[in-house]
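The values are calculated or read from the model by the stated rules, or taken from the named source; none is laboratory data. The structure presented is a predicted model; accordingly, all values stated were derived computationally and were not measured. Cβ: placed from backbone, ideal geometry, glycine included. Neighbour counts: every protein chain shown.
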Amino acid sequence: MQEQAALIDPTAASEKAAEVAIEGLVHSHARLVFKIAYSVLRNHHDAEDATQEVFLRVTRQRRELSAVRDVRAWLARITWRVAIDRRNPPQLSDEETTTVLDRLRSQGAGAEQSAIGAQMLGLTERLIANLPSELRDALILSTVEEMTSVEVAAVLGIPEASVRTRIFRARKLLKEKLASLLEGKAL
């Protein structure tokens, strides 16, 4: 019966095709969308909400879907913007930093041992969260989401060379901050 309606009404056929295409997108890319949202929001429930919002936006834009060349990059860009809009980054407080560093020093852990521990990971995540947004965004997409420079450039809407420069600057800044903190110097 639906096939007969599609023959009579070509827009019904195109709507059905768009619906099938969106279902395919959700099935194929839901994990990517969730991972990107989670890397920005750092909260499971917020990432789920952001993922739903991304696919709602895709559904609203279904007519433009056929014009999209790189669906993965397109979805990543939408996800990134949705997550950034929802993000409220944690701030690294002096008290928090001091507590973590005191714990690390009291354990007598060397620099290599400290880097492995969960406390060091938490500290590193907070330092990343406090990077300037242009550096943080490029670093998260390339390192955490394992996107190429070309994909990061597409998501952020900047040249590929700028992506590589931002990643380099972010890593250098993190290295300096971590070294300073581990040596007991103030930031």
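For the stretch 25-40, does any single residue satisfy the condition of being out of contact with any helix residue (DSSP H, G or I) (no Cβ under 9 Å at 6 or more places or on another chain), at pLDDT 90 or above and closer than 20 Å to residue 141 by Cβ?
Among the residues of the stretch 25-40, at least one is out of contact with any helix residue (DSSP H, G or I) (no Cβ under 9 Å at 6 or more places or on another chain), at pLDDT 90 or above and closer than 20 Å to residue 141 by Cβ, which makes the answer yes.
Quick one: which residue in 126, 136 is modelled with pLDDT of 85 or more and surrounded by 14 or more Cβ atoms within 10 Å (Cβ to Cβ)? Give the steps one after another, and end with the answer.
Details: 126 fails: modelled with pLDDT of 85 or more.
Exactly one of 126, 136 is modelled with pLDDT of 85 or more and surrounded by 14 or more Cβ atoms within 10 Å (Cβ to Cβ), namely 136.
Confirm whether residue 85 is under 16 Å from the mean Cα position of the chain (by Cα), at pLDDT 80 or above, in a helix (DSSP H, G or I) and loosely packed, with under 14 Cβ neighbours inside 10 Å. Even if it seems obvious, please write down each step before you answer.
Numbers: under 16 Å from the mean Cα position of the chain (by Cα): yes; at pLDDT 80 or above: yes; in a helix (DSSP H, G or I): yes; loosely packed, with under 14 Cβ neighbours inside 10 Å: yes.
Judged against the criteria, residue 85 is a match.
Filtering the stretch 63-75 down to residues that are modelled with pLDDT under 90 and touching a His at 6+ places or on another chain (Cβ under 9 Å), which residue is surrounded by the fewest Cβ atoms within 10 Å (Cβ to Cβ)?
Kept after step one, since they are modelled with pLDDT under 90, are these residues of the stretch 63-75: 63-74.
Then drop every residue that is not touching a His at 6+ places or on another chain (Cβ under 9 Å), which leaves 71-72.
Numbers: 71: 15, 72: 17.
Among those residues, the one meeting the criterion is 71.
Can you tell me which residues in the stretch 153-169 are in a helix (DSSP H, G or I) and without any contact (Cβ under 8 Å) to a residue 40 or more places away in the chain?
Filtering the stretch 153-169 down to residues in a helix (DSSP H, G or I) leaves 153-156, 160-169.
Passing the criteria: 153, 160, 161, 162, 163, 164, 165, 166, 167, 168, 169.
Looking at 113, 91 in this structure, which one is more than 17 Å from the chain's Cα centre (by Cα), part of a helix (DSSP H, G or I), at pLDDT below 75 and among the polar types (S, T, N, Q)?
Details: 91 fails: part of a helix (DSSP H, G or I).
Among 113, 91, only 113 is more than 17 Å from the chain's Cα centre (by Cα), part of a helix (DSSP H, G or I), at pLDDT below 75 and among the polar types (S, T, N, Q).
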